[in-house]
Structures are given as structure tokens and as C-alpha cells.
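**Q** First the structure, which I've put down as C-alpha cells, then a few questions once you've had a look.
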Amino acid sequence: MALIRDVVIIGGGVMGSATACSLVASGFSGQIVVFERDPVHQYGSTGLSAGGVRHQFGYETNIRFSSYSIRQYEQFGELMEVDGRRPDIEFRQRGYLMLVTEHDLPRLRERMQRQQSLGVEVSFLSPGAILERVPHLDLQGIVGAGFCPRDGYLDPYAVMAAYEAKAKSRGVQYLHEEVVEVLRSGGRAIGVRTAGSREVHAPVIVNAAGPWAGEVGAMAGVEVPVQPFRRQLFSCIVPVELDYPLPMIVDPSGLYFRSETGNRILVGKSDKSAPPGFDFRTDRDYFLDQVWPVLAERMPLFDRLSLDRLWAGLYEINHHDHNAIIGEHPDRKGFYLIGAFSGHGMMQAPAAGKALADLIQYGGYRELDASPYAFERFAAGRLIEEETLF
Ligand SMILES: Cc1cc2nc3c(=O)[nH]c(=O)nc-3n(C[C@H](O)[C@H](O)[C@H](O)COP(=O)(O)OP(=O)(O)OC[C@H]3O[C@@H](n4cnc5c(N)ncnc54)[C@H](O)[C@@H]3O)c2cc1C
């Protein structure tokens, strides 16, 4: 016999758990079940993420979503307290340093103006001011940087675990089963069936399957334009422990790096030639040929290092405009998506979860307007214009 619930969430990564948690935090009294097929989160994007969070976007809604999320992260321990225990998400607000060339300077200034008009404390740093913060950089070709001290990085797994713990403490049920079918009736999504043949019926089905969102869309008989793309990260031990922590440094080449614990740094650079696919292979040669030389040029101190660990995860990319999709699918009532974050998921999760929770609970947006992220923008030709950095 089918179980009856009010909301079924497919995927217990940061998006599914933020949605569940936001629903219960705002007093939703219905019964929520989250299906997560991978109890150890080996392949989910959240646990494999670099955890960078920044206000520094060009598109207004992206700036607003990051601002909301960063405010939440600043008080996360308190907000996610369960039985007197406050989670530590290791949020290090060391800023994002967005280095620019002469060519990109006008665009940076324009983006900064928009950020400042929305209350973001971002400022322009001259090369001299950059070197005061990071004296070991080689600034060849760089004319300045955007810097916001409230940006930074955090532990993505800890964020997800905190949401899950809080949601469970308020009665959300987590089941470690794979959803294999989205049940339909009269054009609506009405429930799910799992690999273990369990049926759960609910008027609201949320696709929070990250890189697998396209596949879950197909289970519901609709197109969800999300594809998985491999992205690699490299943890390196550097020869000296710097006496200052590195902010997240973003090079015009797409290289990014930041401090990790001890004398480790975390480095990434998207291989934009990678074809879509569920590919988790690591590629040491990519580091040797495409990443390390750029890193050593920008930070000559790192021309010696030891590659400690490398891993690959999946960006969940919407190929239309590389930005989030949030909302009900126009061709399948009752079937919602929170996905396609294209490398921005950690910085948008608190806001995205809250917005979707409001849409489910009240039938419309309240504190945060996520309507620019609706599916309908594709058919209407209202694509989001945002520079893709990673
Ligand atoms: C290498 C890398 C670096 C990144 N760096 C950053 C960064 O610096 N800053 C930032 O903001 N973002 C970053 N991101 C992006 C961010 O991590 C993601 O946007 C975010 O984690 C997506 O969360 P999610 O919950 O949608 O997906 P996931 O964490 O993948 O969760 C989806 C879950 O759904 C489950 N699932 C799928 N199908 C089913 C099914 N049929 N039944 C049951 N369960 C199912 C999966 O097991 C998975 O656990 C990075 C991502 C990667 C891969």
C-alpha cells in the first residue's frame, strides 16, 4: 500500500536538505520525506565541492541570492542548533579576490557598481593594495581586483549535514532508497516509486537530484535541461606555511585557489572542453599541463608543491544560460526543480531552499523572488546573462 505524504524530495544533497529544512523552519506542518540513494554521499556534488561563496556576481538576482545565503551562513551555528549543539561549517570570510586584466576592467567596474547598489561591501583594489593582502602574487597583466571581505569559503559537507540534522529534528524523514519512477495521473506528478517497490504519494514532488536532475525529469516524462560536467579539484601541500591565509583568488584564466588546513591549498580550473557525462575519473596530467603552470606563474612560491589528493565531481549545468532553475515544471504540475546551479550551488543553497519552500507552502514567493530562475524563461527568451567564471 502506498504511503501518503505532503512533500517528496528526491535527493538529500544541500538543495534537497535546505528545502526540507526551510519548510519546517517556516512552520510547514505537512509530512516531508527525502529520498537519498547514497547514504555516504560519495558522488553527490555537495561533498565534492570547493565551498567558495561570493557576492560578486553581475546578475541582480544572483547577487541577492548570495547576499541572503551569506547572511544565513554567518549565523548558521545558531540557526541549525539541535539539542544544544551548534554545527561548525568552518566559514572563513577571507574574501574573494577577483583579479582582472585591462580588458576586463570596465566589466568589473560595472558589476561592482551593481553589487554596491545592492549593499555589497565590495571595493576595487589597486595592484599595490592586492600585494598588501597577498604579497607572494605575481601580478603580471593584472590591473586590479574586486574584493569583498564577507566572501569566503566553507565546509560544504558540514552545511549539508547541518541541514539534514535540523530537518530530521523537526520530523523530516530521510530514506536511503533510489527513486526509479515518478508516478503521474491526469498530467500531474502524484508520487514516486523506489527501486525497492515502495510507493509514496504526495501532491508535491521536488527534483533535487543535482547532476541527475535530467534523469529524474525523464522519469516524470518531461525535459529538464540539466547535464553533468566533470570538474576536478586538487589539494596540494606547499613548501612553506604562509603567515597569512589566502582568500579565494580567481585568476582571469579561470584558475582559482585558496588556503586549506595547514600548509595545504585547494586549487581548481574548469576544463571547459570536457564533454557532458557521469565521469568521475581524475586526470593528473591535466593538473601537470593545464593547472600547475598557471598557478606557479601567478604565485611563483608554488613552483614546488606536492599533489596530495585530487578528485572529480560534477557540475550540474543548464546549457541554456548556466544559471539555476527553480520552480514548478510548466508541463508537469506538482513536479518542482531546484537545480542547475552550475558551480554556484553552495553560495545559493540557503536562498534557493527558502524560495522554493515559500513557493510550495504559500504558492508564491515572499522574502526572495526566484521567478527569474523559472523554467518559463527559456521559452520566453529571457535568459540570464551572467559571466561564467568557473
Ligand atoms: C568540483 C566542484 C566544485 C564546486 N565548487 C563550488 C564552489 O566553490 N561554490 C559553490 O557555490 N558551488 C560549488 N560547486 C557546486 C555545488 O557543489 C553544487 O551546485 C551543489 O552541491 C548542488 O547540490 P545538490 O543538492 O543540487 O546536488 P548533490 O549534492 O549532487 O545532491 C543530489 C543528490 O541526489 C541524489 N539522487 C540523485 N538521483 C536520485 C534518485 N533517483 N533517487 C534518490 N536519490 C537520488 C544523489 O545521490 C545526490 O546525493 C562545486 C561543485 C563541484 C563538483
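**Q** When only Cα pairs under 8 Å and 6 or more residues apart are kept, what is the percent relative contact order across the chain?
**A** It rounds to 23 percent for the chain.
**Q** Whole percent per 10 Å bin, from 0 to the bin with the longest distance: what is P(r) over all C-alpha pairs of the stretch 122-204?
**A** 13, 21, 19, 13, 14, 18, 1
**Q** Which value, in nm² and rounded to one decimal, describes the direction-averaged projected area of the C-alpha convex hull of the stretch 263-390?
**A** For the Cα atoms of the stretch 263-390, the hull's average projected area reads 10.5 nm².
**Q** Treating only the Cβ of Lys, Arg, Asp and Glu as charged (+1, +1, -1, -1), what charge dipole size does the stretch 66-212 show about its Cα centre? Round to the nearest 20 debye.
**A** Taking the Cα centre of the stretch 66-212 as origin, the dipole is about 460 debye.
**Q** Run the simple label-point estimate for SER306 and VAL294 please: 7 Å along Cα→C-beta, distance reported in nm.
**A** About 2.6 nm separates the two model spin labels.
**Q** If you don't mind, there's one more thing I want to ask. For the pair PHE280/GLU78, report the inter-label distance in nm, with labels modelled 7 Å from Cα in the Cβ direction.
**A** Once both label points are built, they end up 3.8 nm from each other.
**Q** Kindly state, to the nearest 0.05, the FRET efficiency for ASP271 paired with GLN93, given R0 = 30 Å and r defined as their beta-carbon distance.
**A** In this case the efficiency is close to 0.55.
**Q** Can I ask one more? Under a 1.4 angstrom probe, counting protein chains only, how are LYS333, LYS269 ranked by accessible area, largest first?
**A** Ranked from most to least accessible, the order is LYS333, LYS269.
**Q** Could you state the angle between the C-alpha long axis of helix 345-362 and the longest principal axis of the C-alpha atoms of the chain, as a value from 0 to 90 degrees rounded to the nearest 10?
**A** 30
**Q** May I pose another question? Report the gain in length on full extension from ASP6 to ALA379: 0.36 nm times residue separation, minus Cα-Cα distance, nm rounded to one decimal.
**A** Stretched out fully, the ASP6 to ALA379 stretch lengthens by 131.3 nm.
**Q** Count the net charge of all other residues whose Cβ sits under 13 Å from the Cβ of LEU154, scoring Lys and Arg as +1 and Asp and Glu as -1.
**A** -1
**Q** Taking the chain as the reference, fit the longest principal axis to its C-alpha atoms, fit the long axis of helix 105-117 to the helix C-alpha atoms, and give the angle between the two in degrees, 0 to 90, nearest 10.
**A** Between helix and principal axis, roughly 50 degrees.
**Q** Within a Cβ distance under 10 Å of GLY334, other residues only, what is the Lys/Arg minus Asp/Glu net charge?
**A** Cβ neighbours under 10 Å give a net charge of +3.
The values are calculated or read from the model by the stated rules, or taken from the named source; none is laboratory data. Just so we're clear, the structure is a prediction, and the values are computed from it rather than from any experiment. Note: ideal-geometry Cβ built from the backbone for every residue, glycine included; neighbour counts use all protein chains shown. With ligands, DNA and RNA removed, areas are computed over all heavy atoms of the protein, side chains included. Shrake-Rupley method; radii C 1.70, N 1.55, O 1.52, S 1.80 Å.
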